[in-house]
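Peer 1: There's a structure below that I have some questions on.
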Amino acid sequence: MKAKRKNLKLEQRIDLARRYRAGEPAVALAQVFGVTQRHVARVAKEQTGEGLSVRDPSETVAFRATQSELAAFDAEWRARGFANRSQALNAVLRGRCGFLDLGQGELAAFAMSWRQAKDLSDDLRALSKAVVLGKLTLSDQDRDLLIDLVNLTRGLSREMGRMKDAARVRGGKGWDAIEGAARDA
């Protein structure tokens, strides 16, 4: 059975955080204040200026839409593989839906580019290792160029990997097949 949510008053939150910082165990504080141990840690962090709600507080948003607009939106987010309406609206707010509008051909090209950036990064890393081990000698200018290329491809590979992971999390159905086809090409 789910526990009833308990909202602590400001004084209670401050007292809880003070006692937690003083070394009182989270288990004991959770029992005294009628909250979970996780909530004790979260409140303590918030009172010291840490935690997610302090760094980037969320806000409940309400707006009016017609039933037909909501029905169309619901059909769209379900088709794109979002878990719920809230997740889809968050994606719209963050401006990430444009990435999901890419066609299959564009996704395949992206996957191939990502794979090439990863392969180039691996090759440059092997070349750098050969230089460090003394198997290859480079001029200072070539060494600087090699360092710049390694940093560029590593950063590009990481960024494209993050984009791929974000698409997969948001329901990038069929991504593995596209990536496999790009790898085989």
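Peer 1: If we keep just the residues of segment 100-138 that are modelled with pLDDT under 75 and outside any helix (DSSP H, G or I), which is nearest to MET160 (Cα to Cα)?
Peer 2: Applying the filter and picking the extreme gives LEU102.
Peer 1: Say whether the condition of being at pLDDT 60 or above, loosely packed, with under 12 Cβ neighbours inside 10 Å and part of a helix (DSSP H, G or I) is met by at least one residue in segment 151-160. If you could, list the steps in order and put the result at the bottom.
Peer 2: Just the residues of segment 151-160 that are at pLDDT 60 or above, to begin with: 151-160.
Cutting the leftovers down to loosely packed, with under 12 Cβ neighbours inside 10 Å gives us none.
Within segment 151-160, none of the residues are at pLDDT 60 or above, loosely packed, with under 12 Cβ neighbours inside 10 Å and part of a helix (DSSP H, G or I).
The values are calculated or read from the model by the stated rules, or taken from the named source; none is laboratory data. No experiment lies behind these values; they were computed from the predicted model shown. FYI the Cβ positions are ideal-geometry reconstructions off the backbone, even for glycines, and counts take in every protein chain you see.
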